[in-house]
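Values in this text are rule-based calculations from the coordinates and carry no lab data. Treat the numbers as computed from the prediction; the structure is a model and nothing was measured. Heads up, the Cβs are rebuilt from the backbone with ideal geometry, glycines too, and the neighbour counts pull from every protein chain shown.
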Amino acid sequence: MNDQELRAFIAEIVKFDNRKISQAMILSWGDIAHFGHWTYAEAMEALTWHAANSTEWLMPAHINLRIKDQRQMPVRPAELPQIARKPPAAPETIKTVMRELRERMGWPKKATTYSDPELTVKCPHEPCSAGIDSPCRKLWSHGRRQGTYTAIDTYHDSRTKAAETEAP
Ligand SMILES: [Zn+2]
């Protein structure tokens, strides 16, 4: 419970029994809240419980004892935190799975989809040097297309190796 929550909690106590609020009171309640590691929700539950079940003048000990009791209660299933959704697979895992699938299904090692792991790395093959997300290419050394690049439907081996070792 932070300072703001402590003040809000004390305001609730005042609503409940009209007690006079003082700096000393805030400090003493704050100390006990701090040592008991009260949360605002816990303190409010304890205050409500006390209001409903006790005629005694509310003391910090009432809140403390109620919170301790509640913490020892088994957690009801509805209050259990939701099981965290599985985090998305790590890129390395995707690469491994894709490679295994390719091998098992006999898929050709081609630049077929944007999810090819090779596309996450720059091609280290000097004459190609295709950037990330670009297919491997060849440079025409003669003929009509001399000096231009054409995408090839495979990856240079060095790029495949790089994709297996480098994280994107
Ligand atoms: Zn290449």
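The table below lists the values:
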item	result
Amide H contacts of Arg137 (H built 1.01 Å from N, under 5 Å, at least 5 apart or other chain)	Ala130, Ile152
Separation in nanometres of the label points that stand 7 Å from Cα toward Cβ, at Glu45 and Glu164	5.4
Simple label model, 7 Å out from Cα along Cβ direction - Thr154 to Ser129, nm	2.4
Label-point separation, His34 to Ala52 (7 Å along Cα→Cβ), nm	3.2
Extension gain from Phe16 to Asn2, taking 0.36 nm per residue of separation minus the Cα-Cα distance	2.9 nm
Footprinting exposure proxy for Leu6, Leu139 (fewest neighbouring C-beta atoms within 10 Å first)	Leu139, Leu6
Ranked Phe16, Phe9, Phe35, criterion: other C-beta atoms within 10 Å, fewest first	Phe35, Phe16, Phe9
